[in-house]
Amino acid sequence: MSLNLKAKYEKIIKDALMPEFKFKSVMQVPRLEKIVINAGVGDATNDVKLIEAMQNEIQAITGQRPILTKSKKAIATYKLREDQAIGVKVTVRGERMWNLVENLINVALPRVRDFKGLSNNSFDGRGNYTIGIKEQIIFTEINYDDIKKVRGFDMTFVTSSKKDNIAKAMLKAIGLPFAKQR
């Protein structure tokens, strides 16, 4: 199924972008290269189990074990020591990436309360798009009863496009629901 998922989305992208941007070759059509999920756990300075819980939740969502991100320097005001674990991140590629996209579009985003669409202003100028997920409980893989604290994370879509307008057209073609422009 996963190879069919990749082929399905690549065909959707090709069919949508080739006529719109007048690409002469299929190789000019941008691709979704990876999705990076980054979650900061600021209060992990007091409780190490919060990091482990977030790591397990991100693993349930992506199917991949996230790595710990550590502080680069000590900040006494925040009771932060150098090399202390303060977050988790994971890079998802290949079939897991397409399964995550499918899950996000069809299951998770429709579960967001008062959802009016994704922001049009979250592009970085180099064709990458970042979504801020406010609650991890929108994913069905997370059991609500097992959560210690409702947390959010950032999900970055890294594309091979160098321009935001082409990347937006690609993400819109695969089904990301952008908010209507006023």
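For residues in region 76-96 being under 24 Å from LEU50 (Cβ atoms) and small (Gly, Ala, Ser), which is most open to solvent (accessible area, probe 1.4 Å)? This residue is ALA76. Against the list (1) of a type in the set (A, V, I, L, M); (2) surrounded by 16 or more Cβ atoms within 10 Å (Cβ to Cβ); (3) farther than 25 Å from TYR129 by Cβ, the condition VAL29 fails is (3). Checking every residue in region 120-140 against the condition of being open to solvent by 40 Å² or more (accessible area, probe 1.4 Å), in a helix (DSSP H, G or I), more than 17 Å from VAL29 (Cβ to Cβ) and in contact (Cβ under 8 Å) with a residue 24 or more places away in the chain gives zero matches. Please find, within region 51-73, the residue that is least open to solvent (accessible area, probe 1.4 Å) out of those that are touching a strand residue (DSSP E or B) at 6+ places or on another chain (Cβ under 6 Å), more than 17 Å from ARG151 (Cα to Cα) and in a loop (DSSP other than H, G, I, E, B). Within region 51-73, the match that is least open to solvent (accessible area, probe 1.4 Å) is SER71.
Tally the residues that are in a helix (DSSP H, G or I) and over 26 Å from LYS163 (Cα atoms), restricting the search to region 104-119.
Of the residues in region 104-119, 5 are in a helix (DSSP H, G or I) and over 26 Å from LYS163 (Cα atoms).
Just to be sure before I move on: is ASN99 loosely packed, with under 15 Cβ neighbours inside 10 Å, within 16 Å of ILE174 (Cα to Cα) and at pLDDT 90 or above in the structure I sent? Here the answer is no, as ASN99 does not meet what is asked.
Has region 142-149 got at least one residue that is open to solvent by 70 Å² or more (accessible area, probe 1.4 Å) and modelled with pLDDT of 90 or more?
Looking through region 142-149, none of the residues is open to solvent by 70 Å² or more (accessible area, probe 1.4 Å) and modelled with pLDDT of 90 or more.
For beta carbons closer than 9 Å, sequence separation of 6+ or different chains, a first residue in region 164-182 that is in contact (Cβ under 8 Å) with a residue 24 or more places away in the chain and within 14 Å of LYS14 (Cβ to Cβ) and a second that is open to solvent by 100 Å² or more (accessible area, probe 1.4 Å) and outside any helix (DSSP H, G or I), the qualifying pairs are MET170/ARG31.
Can you say whether VAL48 is free of Cβ contacts under 8 Å to residues at least 40 places away in the same chain, of a type outside the set (Phe, Trp, Tyr) and farther than 25 Å from ASN165 by Cβ, as far as the supplied structure shows? Considered against the rule, which asks whether it is free of Cβ contacts under 8 Å to residues at least 40 places away in the same chain, of a type outside the set (Phe, Trp, Tyr) and farther than 25 Å from ASN165 by Cβ, VAL48 comes out as yes.
The values are calculated or read from the model by the stated rules, or taken from the named source; none is laboratory data. Owing to the predicted nature of the structure, the values given are computational and were not obtained by experimental measurement. All Cβ positions, even for glycine, are placed from backbone atoms using ideal geometry, and neighbour counts span all protein chains on display. Quick note on the areas: whole protein, heavy atoms, side chains included, nothing else; ligands and nucleic acids left out. Shrake-Rupley method; radii C 1.70, N 1.55, O 1.52, S 1.80 Å.
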